[in-house]
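The structure under discussion appears below in the form of structure tokens.
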Amino acid sequence: MRRAGLALIPLALGLVGTIVALAAGDRRQIFIQWQLAWVWVQLGLLAALLVFAIVAVRAALRRRAVRSREDAVAAERAERRRFVDRLDHELKNPVTAIRLGLSNLPESDVAAGLDAQALRLTRLLGDLRKLGELENAQLEIAPVDVEALGREVAEAVGELAESSDRSLAVSFPRAPRPLPPVRGDADLLFLAVYNLVANALKFSQPGDRIELRGAEDDGWVTLEVADTGRGIPVEEQGLVWEELARGSHTRDVAGSGLGLPFVRTIVERHGGGVDLRSRLGEGTSVRLRLPV
Amino acid sequence: MSITPPARPRVLLVDDESGIRDALAPFLARSGFDVLTAEDGGAGLEAVERHSPDLVVLDVLMPVLDGREVLRRLRRAGSQLPVILLTQVGESFERAAALEEGADDYLNKPFDPQELVARIRAILRRVTAGQPALGGSTGLSAGALRIDRVARRVWLDGVEATLTPRAFSLLDYLMTHPDEVLTRERLLAAVWGFDQPVASRAVDHRVAELRKVLADDSGTPLFIDTVQGVGYRFLHPVALTPATRA
């Protein structure tokens, strides 16, 4: 709105000029003659300016709406983060004291049972702080060969039980050229891609197919992990990126609910983005975009 | 005349939470240590002066004078006193910084009490054998290998070698914990700042890089020994050397 105000300055200056001239007693007149035929062009020009102004204002309003929505989402995430940090912070001393206190007790079934529960709380705290760790971990940036990384992930997931009866196909382009290296932290990017492929294996059935594909697109390298697994209901697709959120259809599969939030945190720390497309019963595809 | 029993190592515990002090002090006492407690950084420094403990367990997050500042003051005064930090959660870079500032080790709250005792013993083993603690050192050497912990540089047979930052941090952690079996998880948490089971291959990659640079054969290692199914151990005896300023 401030910039719109700037547009009024010439008008104000003109007004001041007229007032000064009138006050000085300037009563001279000027006559301008037009051919009537040109009036249509003038009217057209005025109308065009008006339409242009309206379009510009509406586009600006739309941009602002999008930006405030993005700000709201980012603010919500930051707020969540702070809440989790606070929770973690307030719980660590009591849990530490409980574990220490238990270790001072004589050995008994009751003490052992309590200790197991305290250990569970410890693990929960560990999980809660994992995203924070990733957000603060120091990256070691170097050129990363995405294809080699993808093939290493494929080899590593071979150790998972699920990989024995599902097929995993890895494809990277050769023509017109192989993928260019991206600048990033190879250890973290490995974790991100590993999490995606392991997820695809977890949420699929024997006989399902999983594909890990690499592509290059206009300054970005994209890595896509697609599966013919069970898919995610539309209403839960927005939740998958939130920590500890587990969909109603995933209760039968063990997990921390941290896999995808991890992936997103890692990719965003590399200046990239993630998106997910899924159809219930057909399968899921998750795409990572990394700047070259 | 009675023979005095060998002195129990004296451990100073500094934590502002009485719940932690009250529970940890008797546990450490039962584990064979002579335990002193202090409830804030200032009292901790005073207790170091007055009672000269063998080791300090120091909480990072304390009001007024926090654990890191206490550590900094100790090291600035030239003290090599072994320090284990109980670090603030969720801030992994704090841990890396803590190790760089001269802590001998750190543990994340809530920690396993047995683990704390194991770490204390590992550090005191060196001290009681008459060897200096390594956490507060500026330079270390192991045979032909020498590192400057301040400038983060490495020399092998007097020739400077190039390491990636993470490989250096890994070598630094291995050398400051010689002869200890270090699990991949512990190395990940200390050097990488995140601790995910599938990331353990990252440790193997970096160890391979170190071995290549140090010309260390994994079959008959001089420096880094693989402990099958567990992790790694720095074999060579480590000595203090003054850091070389370029």
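The values are calculated or read from the model by the stated rules, or taken from the named source; none is laboratory data. As the structure is a computational prediction, the values presented were derived from the model and not from experiment. Neighbour counts run over all protein chains shown; Cβ positions are idealised from the backbone, glycine included. Surface accessibility is based on the protein's heavy atoms, side chains included, excluding ligands, DNA and RNA. Shrake-Rupley method; radii C 1.70, N 1.55, O 1.52, S 1.80 Å.
Figures for the structure shown
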{"quantity": "For the protein assembly as shown, alpha-carbon Rg and Dmax in angstrom", "calculated": "31.7, 130"}
{"quantity": "Rounded percent of accessible protein surface that carbon and sulfur make up, the protein assembly as shown, 1.4 Å probe", "calculated": "57"}
{"quantity": "11 Å beta-carbon shell around A:Leu280, net charge (K/R +1, D/E -1)", "calculated": "-1"}
{"quantity": "Chain A: DSSP helices with Cα axial extent of at least 15 Å and average Kyte-Doolittle hydropathy no lower than 0.5", "calculated": "A:2-23, A:146-157, A:186-202"}
{"quantity": "Local net charge near A:Asp185, Cβ-Cβ under 14 Å (Lys/Arg +1, Asp/Glu -1)", "calculated": "-2"}
{"quantity": "Space enclosed by the convex hull of the alpha-carbon atoms of segment A:105-241, per residue, Å³", "calculated": "189"}
{"quantity": "Average accessible area per residue (Å²) across segment B:1-60 - probe 1.4 Å, nucleic acids and ligands excluded", "calculated": "51"}
{"quantity": "Chain B: relative contact order in percent, alpha carbon pairs under 8 Å with at least 6 residues between", "calculated": "14"}
{"quantity": "Alpha-carbon gyration tensor eigenvalues x 5, square-rooted, for chain B, Å", "calculated": "31, 20, 18"}
{"quantity": "Table column - 3J(HN,Hα) (Hz), segment B:47-58, Karplus curve with 6.51, -1.76, 1.60, x for Gly and Pro", "calculated": "5, 4, 4, 6, 10, 5, x, 7, 7, 10, 9, 10"}
{"quantity": "Under-5 Å amide H pairs with A:Gly184, H placed in peptide plane, nonlocal only", "calculated": "A:Ala142, A:Val144"}
{"quantity": "Nonlocal Lys pairs with alpha-carbon distance under 24 Å, the protein assembly as shown (8 or more apart, or different chains)", "calculated": "4"}
{"quantity": "Other-chain or far-sequence residues with amide H under 5 Å of A:Glu216's (modelled H)", "calculated": "A:Thr222"}
{"quantity": "Cα principal axis extents for segment A:1-137, largest first, Å", "calculated": "109, 37, 24"}
{"quantity": "Summed buried accessible area for A+B [probe radius 1.4 Å, Å², rounded to 100]", "calculated": "3100"}
{"quantity": "C-alpha long axis of helix B:200-213 to longest principal axis of chain B, angle in °", "calculated": "60"}
{"quantity": "Dipole in debye (nearest 20) - the protein assembly as shown, about Cα centre, beta carbon charges: Lys, Arg +1; Asp, Glu -1", "calculated": "1900"}
